[in-house]
Ligand code: SF4
């Protein structure tokens, strides 16, 4: 295979790795570049958007993750791109102004550190040989040593390692070869420790859950998510609905559905809503309600669920309430709160129709506010 054919294969393969909020649905804005590689519009962990070349360095893998089409026992065409070739391909895209960032991941070829060396060497070639100053996200391979992680954090703007499942028991349903504490949690903790050092203060750190692959409940995911933010100080946690039809018989329901289900998609969406409540709305883990099965409601979003369960909290007086109280009003988000605070400095807000928000949300908020 020539390098471009390899890139097409490997960037196709990376669609299953969504730890940078890349979309894969038909309606998203990803498109193929001239090499056939997928270019992804992405949300960056520090805010803002970019277009990235996202690819694996290799789809050869010694591991056995039940949800992954590239686990070692599947019959797939396999290939690897060298660091020199990957750096060259990427720079071609940059020079054509088609991408503004690189997201590199890989199957595990040999050992985790041998694989990390390929990723790190690509970044090193770009940084030192070509003086590239732009965005690089490097995936930390499960089981990577502290030295390999440190090297990645010296070279990258962002690093990530996928947590995949909330806890050892759930994780053991996904892989018999990877050890949750040794290969996932220890590197996550090490990334967190390194980021306390001033030299790494600007390196973003993220992780991702695969939702629906290990029979896990939403309450378990939310508990772990809160811990990842509060204890390990991660910048972002991502959630990717498991795409049925790709995994092996260990995955619950694998044989029942052949593609990403609507329900899985709504579940992923609800988890993102909780994530926003935890990060931007002042909600605590204990504010999130679950049904009898310990899952989030698929019918009602988590903020409205909280509002329904706490009628005593309302109405919130828009002229006097503090920021966190305003954020508890359904329909009101952080941007609207800023506008309300600005507006009430100028004059008293007297009517719902003068609230600085679009009509749909204003109508929703009306039942929860006073003046
Ligand atoms: S480590 Fe697991 S998820 Fe990653 S390529 Fe290998 S089998 Fe797939």
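What's the total number of residues in the stretch 155-173 that are without any contact (Cβ under 8 Å) to a residue 40 or more places away in the chain and outside any loop (DSSP other than H, G, I, E, B)?
Number of matching residues: 3.
Return the total of residues in the stretch 62-88 being under 18 Å from residue 143 (Cβ atoms) and away from the ligand (no atom under 11 Å from the Cβ).
Residues meeting the conditions: 0.
Could you tell me whether any residue of the stretch 11-24 is over 21 Å from residue 165 (Cα atoms), modelled with pLDDT of 65 or more, more than 16 Å from the ligand (Cβ to nearest atom) and surrounded by fewer than 20 Cβ atoms within 10 Å (Cβ to Cβ)?
Among the residues of the stretch 11-24, not one is over 21 Å from residue 165 (Cα atoms), modelled with pLDDT of 65 or more, more than 16 Å from the ligand (Cβ to nearest atom) and surrounded by fewer than 20 Cβ atoms within 10 Å (Cβ to Cβ), which makes the answer no.
Go through the stretch 98-116 and give me each residue that's away from the ligand (no atom under 16 Å from the Cβ) and either closer than 17 Å to residue 161 by Cα or modelled with pLDDT of 95 or more (or both).
Answer for the stretch 98-116, where residues must be away from the ligand (no atom under 16 Å from the Cβ) and either closer than 17 Å to residue 161 by Cα or modelled with pLDDT of 95 or more (or both): just 102.
Check the stretch 156-177 and report whether any residue there is away from the ligand (no atom under 16 Å from the Cβ), over 22 Å from the mean Cα position of the chain (by Cα) and either closer than 22 Å to residue 201 by Cβ or not assigned by TED's automatic domain parsing to the domain that holds residue 207 (or both).
Taking every residue of the stretch 156-177 in turn, none turns out to be away from the ligand (no atom under 16 Å from the Cβ), over 22 Å from the mean Cα position of the chain (by Cα) and either closer than 22 Å to residue 201 by Cβ or not assigned by TED's automatic domain parsing to the domain that holds residue 207 (or both).
Spot the failing condition for residue 274; the list is (1) closer than 29 Å to residue 231 by Cβ; (2) modelled with pLDDT under 95; (3) touching a helix residue (DSSP H, G or I) at 6+ places or on another chain (Cβ under 7 Å), and only one is missed.
(2)
Checking the structure you have, find out if any residue of the stretch 304-312 is outside any helix (DSSP H, G or I) and surrounded by 18 or more Cβ atoms within 10 Å (Cβ to Cβ).
No, the stretch 304-312 contains no residue that is outside any helix (DSSP H, G or I) and surrounded by 18 or more Cβ atoms within 10 Å (Cβ to Cβ).
The values are calculated or read from the model by the stated rules, or taken from the named source; none is laboratory data. Quantities reported herein were computed from a predicted structural model and do not represent experimental measurements. For neighbour counting, all protein chains shown are included, and Cβ atoms are generated from backbone atoms with ideal geometry for every residue, glycine included.
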